[in-house]
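To start, the structure itself, in structure tokens.
The values are calculated or read from the model by the stated rules, or taken from the named source; none is laboratory data. Please read these numbers as outputs of a predicted model, since none were measured by experiment. FYI the Cβ positions are ideal-geometry reconstructions off the backbone, even for glycines, and counts take in every protein chain you see. Ligands, DNA and RNA are excluded from the accessible area calculation, which covers all protein heavy atoms including side chains. Shrake-Rupley method; radii C 1.70, N 1.55, O 1.52, S 1.80 Å.
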Amino acid sequence: MGGSYYVEYPDEYYPYEGTREAFKILNDNGFRPIVFTNQSCIARGKDKGYDFATEFKEIGAKDWFICPHDDIDNCNCRKPKTGLLEQAKAKYGLNMKECYVIGDRWSDMASGGRMGCKLILVLTGRGEESLGKDRDKWSEFSPAFVAKDLKEAAEWLCREEQNER
């Protein structure tokens, strides 16, 4: 499962298998999948003018919020801070207790947890690290579900929401 997946330059990025299917499942079931992502490559000058909008549209995201800063910038938007989620909340009038954050990093879980979101951890990418050596960094929060990948997370979320109706 999982494994390390680090991208230094965004043009090296490729979506995990099942990513597009996961976004399609969410879109087809009335969700509005929004990406919120740290992209320190921008601050480091390694983005080479990469078109994040095209990438996110191609996978099926309805919107995206990007932190272009590095850790040393001490901004409010870089996860685990909540600035990106606060932007989405303001733009869409979201009730964060009704929102899910799906991610593989402890910073995703901490950011979502601080905003009162339901959390789904995926084991692809850095998910296993988030449950292991980084678990103390978000120990005050618990995931509602741990999925092997984004597709399983999307399927679970749709079943869960149907059961709550």
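Judged by the gyration tensor of its Cα atoms, with axes a ≥ b ≥ c, the stretch 76-165 is oblate; a/c meets the 1.5 cut and b/c is at least as large as a/b. Per residue, the accessible area of the chain comes to 54 Å² when a 1.4 Å probe rolls over the protein heavy atoms. By the gyration tensor of its Cα atoms, with a ≥ b ≥ c the square roots of the eigenvalues, what is the shape of the stretch 63-111: rounded for a/c under 1.5, prolate for a/b over b/c, or oblate? Note, shape of the stretch 63-111 comes out oblate. Ranked by the mean number of other Cβ atoms within 10 Å of their residues, highest first, the peptides 80-86, 104-110, 147-153, 26-32 fall in the order 104-110, 147-153, 80-86, 26-32. Counting protein heavy atoms only, the chain has 46 percent of its accessible area on carbon and sulfur, 1.4 angstrom probe. As a size descriptor, the averaged projected area of the C-alpha convex hull of the stretch 29-69 was calculated at 2.9 nm². Among rounded, prolate and oblate, which fits the stretch 118-165 when a ≥ b ≥ c are the square roots of the eigenvalues of its C-alpha gyration tensor, a/c under 1.5 means rounded, and a/b larger than b/c means prolate? Taking the square roots of the gyration eigenvalues as a ≥ b ≥ c, the stretch 118-165 is oblate.
Taking the Cβ of Phe145 as the centre, find all other residues whose Cβ is under 9 Å away and add up their charges (Lys, Arg: +1; Asp, Glu: -1). Overall, the nearby charge balance is -1. Summing charges over all other residues whose Cβ lies under 9 Å from the Cβ of Asp134, with Lys and Arg as +1 and Asp and Glu as -1, gives +3.
Over the chain, the fraction of Cα-Cα pairs per 5 Å bin, rounded to whole percents and listed from the shortest bin up, is 1, 9, 17, 22, 24, 17, 7, 2, 0, 0.
Between the amide H of Val101 and those of Lys118, Leu119, Ile120, distances stay under 5 Å, these residues lying 5 or more places away or on another chain, with hydrogens modeled in the peptide plane.
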